[in-house]
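Down below is the structure, laid out as structure tokens.
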Amino acid sequence: MPQYKHTSLTIFFLALALSLTACATSKTVTPDMLPSWNDNSSKQQIIDFVRTVSDPNDAGFVAPGKRIATFDNDGTLWSEKPGYFQLLFIFDRVKAMAADHPEWKTTQPFQAVLENDIAAVKAAGEQGLLEMALATHSGMSTDEFADIVNNWLATAKHPTTGKAYNEMVYQPMLELLDYLRSNDFKVFIVSGGGMEFMRPWTEATYGIPPDQVVGSSMETSYEFRDNEGVLMHLPELHFIDDKATKPVAINRFIGQRPILAVGNSDGDFEMLEWTTSGAGKRLGILIHHTDSVREWAYDRDSSEGRLIRGLDEADNKGWLIVDMARDWRQIFPQQ
């Protein structure tokens, strides 16, 4: 074979190898930021939304400073059965404080808690629960209350799973929070739960600092004692952050209409409605509890996380309903 043919073949194969190498190295491998989500339309809708608002060349682009996302907490970021976790915390506080309040043995709804009479507790209604919350959350400084909350989370166990309460968070939602932050979203909790109850632990659990937590709150007063300024919890309600007051609270504490809102109940309806009715690209998400095996299945008839209006109107409003049984490969961390 003539020498030039050897040279031509060598050049051909060298060029082919270089071409294949270039193709391999030019292909960008995008890591899956949502590995606990099943690869279906729900996951893709979230990814498409984030890509759209993050792409400066897309008509739906949103500047980073306006990429605000709000999340409910109970039933959205962590579980809420057999009762809201703050309610279970209140029950434990009533029992822990009972020795200093002998009158509670004959005073409802405290008596019902001490006797483990859940039916009587429920019969006391919201007013009874509020009374217990004010009694068990007041008379101490904000720092003292934060220590009580953190000690409870470190020792209390969920009555059904035996897990610590802050282990009953949703792995897919932790991934979603990280995914949004990696795309320059600022993420807030906007919850009907107590702001003072959530702020001590949300940063360690969700990566959401205290100044990005909005919730129901008690009145506080300033005192200077023992050469230190302290804020004291008062037995008075300041604000309930639920339903139509959620947009009010967002405006008051955040100052911007979100472009993404995530909830799980009709208590979140107005937050999603206000978010998605604004101009530009927006997304509302409802977490639908459908997995009775790995978590709980409930919606319309539940005393926690009741979801009626959201189910009925989600399609017309263009909201994404995330079906836990269908859309989540994993529910809790280390499951």
For region 80-127, give me each residue that is in contact (Cβ under 8 Å) with a residue 60 or more places away in the chain and either surrounded by 17 or more Cβ atoms within 10 Å (Cβ to Cβ) or assigned to a helix (DSSP H, G or I) (or both). Glu80, Lys81, Gly83, Tyr84, Phe85, Gln86, Leu88, Phe89, Asp92, Lys122
Just need a number here: residues in region 287-318 that are assigned to a strand (DSSP E or B) and either surrounded by fewer than 17 Cβ atoms within 10 Å (Cβ to Cβ) or not polar (S, T, N, Q) (or both). 3
One residue is enough: does region 232-245 have a residue meeting the conditions within 30 Å of Arg51 (Cβ to Cβ), surrounded by 21 or more Cβ atoms within 10 Å (Cβ to Cβ) and modelled with pLDDT of 95 or more? no
Within region 270-307, of all residues that are free of Cβ contacts under 8 Å to residues at least 60 places away in the same chain and aliphatic (A, V, I, L, M), the one nearest to Thr70 (Cα to Cα) is Leu272
Looking at Leu176, Leu130, Leu134, can you tell me which residue is part of a helix (DSSP H, G or I), touching a residue at least 24 places away in the same chain (Cβ under 8 Å) and within 30 Å of Asn38 (Cβ to Cβ)? Leu176
Working only within region 150-179, note down all residues that are more than 19 Å from Gly75 (Cβ to Cβ) and buried (at least 21 other Cβ atoms within 10 Å of the Cβ). none
Does Ser216 fit the bill of being out of contact with any Phe, Trp or Tyr (no Cβ under 8 Å at 6 or more places or on another chain) and part of a strand (DSSP E or B)? no
Would you point out which residue out of Asp211, Asp184 is in a loop (DSSP other than H, G, I, E, B) and either among the aliphatic types (A, V, I, L, M) or at pLDDT 95 or above (or both)? Asp184
Glu203 vs. criteria farther than 21 Å from Arg93 by Cβ, in contact with a strand residue (DSSP E or B) (Cβ under 8 Å, 6 or more places away or on another chain), of a type outside the set (Gly, Ala, Ser) and surrounded by fewer than 20 Cβ atoms within 10 Å (Cβ to Cβ): no
Could you say which residue among Gly284, Gly318, Gly305 is under 15 Å from the mean Cα position of the chain (by Cα) and at positive phi? Gly305
Anything in region 63-79 that is assigned to a strand (DSSP E or B) and under 11 Å from the mean Cα position of the chain (by Cα)? List them, or say none. Ala69, Thr70, Phe71, Asp74, Trp78
What are the residues in region 248-269 that are farther than 16 Å from Lys66 by Cα and either assigned to a loop (DSSP other than H, G, I, E, B) or touching a Lys or Arg at 6+ places or on another chain (Cβ under 9 Å) (or both), if any? Gly263, Asn264, Ser265, Asp266, Gly267, Asp268, Phe269
Of everything in region 59-77, what is crowded, with 20+ Cβ neighbours inside 10 Å and of a type outside the set (Asp, Glu)? Give them in sequence order. Val62, Arg67, Ile68, Ala69, Thr70, Phe71, Asn73, Gly75, Thr76, Leu77
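The values are calculated or read from the model by the stated rules, or taken from the named source; none is laboratory data. The shown structure was predicted, so the numbers you read here are calculated from the model rather than taken from an experiment. Note: ideal-geometry Cβ built from the backbone for every residue, glycine included; neighbour counts use all protein chains shown.
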